[in-house]
Amino acid sequence: MKLFLDTANTDHVAEIASWGILDGVTTNPTLVAKEGKKFKETVLTMCKYVPEVSAQVTATDFEGMKKQAQEYSSWHKHVVVKVPMTIEGLQTLAFCRKKGIRTNTTLVFSANQAILAAKAGANIISPFIGRLDDAGQDGMGLIAEIMSIWDNYDFDTEVLVASTRHPRHIVEAAQLGAHICTIPYDVFVKLPRHPLTDIGLKKFLKDWEQAKK
C-alpha cells in the first residue's frame, strides 16, 4: 500500500520523505491557505520529494477545470490533478484521460460515485472516510464496498483512503486492500511509535551500559 502525506507544509513533506517510506502527497486549497504560501511554489517544492503530488483545481465548471488541469500538469511530471466528484468533474476526468493527464477524484462519498469516476477515467479516487464517520456513517464500510466492487472488474483506478483520523484507519485500509492511504502529519508521526518499543530500547541501552563495565 502506498502512503501519502495530506498536507501543504513542505517541511513536513521533507521530514517524512527522509524516512524512506513516503510515496506521495495530497493537498487542497484549504491546506494551502493555512500555510499562507503560493500554491504553485508549494506544489513544485513537494514534487522534489515524492513522485506523486495531487494538486486540486479550484474551478467548478468544465471549461475552468479543463484549463487548470492542463496548466497544473504542465508544471511537473509528478503532478496529479485533483478534480471534485461532480458531473463537470466527470467530464474533466474523461478529458484528462484522453490527454494523458493523471487525475485524482476528490470528495467521493458513495460507491456509485466511485464507479462513475473510474469509468470516466480517474487514475485515483479518494473516498473520505473520516467525514462519513462524522456524519454517523461507516467510512471503512464504504472502502470495503468499493474494494469488493473493484474485485469484479478491471478498473485501473487506485482507491485512496482519505480523511484518515487515527493509526487504526491505516491498518484497516491495508486489510481491505486499498491501494493508497493519505495521512495527516499528526497521525503519520504516530505510526512508527509504540510504548513497548520505547521501553525495550531503554532497557537494551541500560543493559549495554552494564555490559560495558
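Specify the residue that is surrounded by the fewest Cβ atoms within 10 Å (Cβ to Cβ); the eligible residues are those in the stretch 115-131 that are closer than 17 Å to LEU176 by Cα and free of Cβ contacts under 8 Å to residues at least 60 places away in the same chain. Only one residue tops the list, namely GLY130. For the stretch 5-43, filtering for residues that are in a loop (DSSP other than H, G, I, E, B) and farther than 21 Å from ILE101 by Cβ leaves 11.
Restricting the stretch 44-75 to residues that are of a type in the set (Ser, Thr, Tyr) and assigned to a helix (DSSP H, G or I), which is surrounded by the most Cβ atoms within 10 Å (Cβ to Cβ)?
Per the stated criteria, the residue is TYR72.
Residue count for the stretch 89-103 under the criterion of being buried (at least 18 other Cβ atoms within 10 Å of the Cβ) and either over 15 Å from ALA118 (Cβ atoms) or in contact (Cβ under 8 Å) with a residue 60 or more places away in the chain (or both): the result is 2.
Of the helices (runs of 4 or more DSSP H) contained entirely in the stretch 143-213, those carrying at least 3 residues that are open to solvent by less than 60 Å² (accessible area, probe 1.4 Å), under 22 Å from ILE16 (Cα atoms) and out of contact with any Pro (no Cβ under 9 Å at 6 or more places or on another chain) fall at 167-175. Cβ-Cβ distances below 8 Å connect the following pairs, each with a first residue in the stretch 48-70 that is without any contact (Cβ under 8 Å) to a residue 24 or more places away in the chain and over 25 Å from GLY20 (Cα atoms), a second residue that is part of a loop (DSSP other than H, G, I, E, B) and of a type outside the set (Gly, Ala, Ser), and a separation of six or more residues or different chains: GLY64/VAL57; GLN68/VAL57; GLN68/THR58.
The values are calculated or read from the model by the stated rules, or taken from the named source; none is laboratory data. It should be emphasised that the depicted structure is a prediction, and the values quoted were computed from it without experimental measurement. No Cβ is skipped: glycine too gets one built from the backbone with ideal geometry, and neighbour counts run over all protein chains shown. Areas reflect the complete protein model, heavy atoms only, side chains present, ligands, DNA and RNA absent. Shrake-Rupley method; radii C 1.70, N 1.55, O 1.52, S 1.80 Å.
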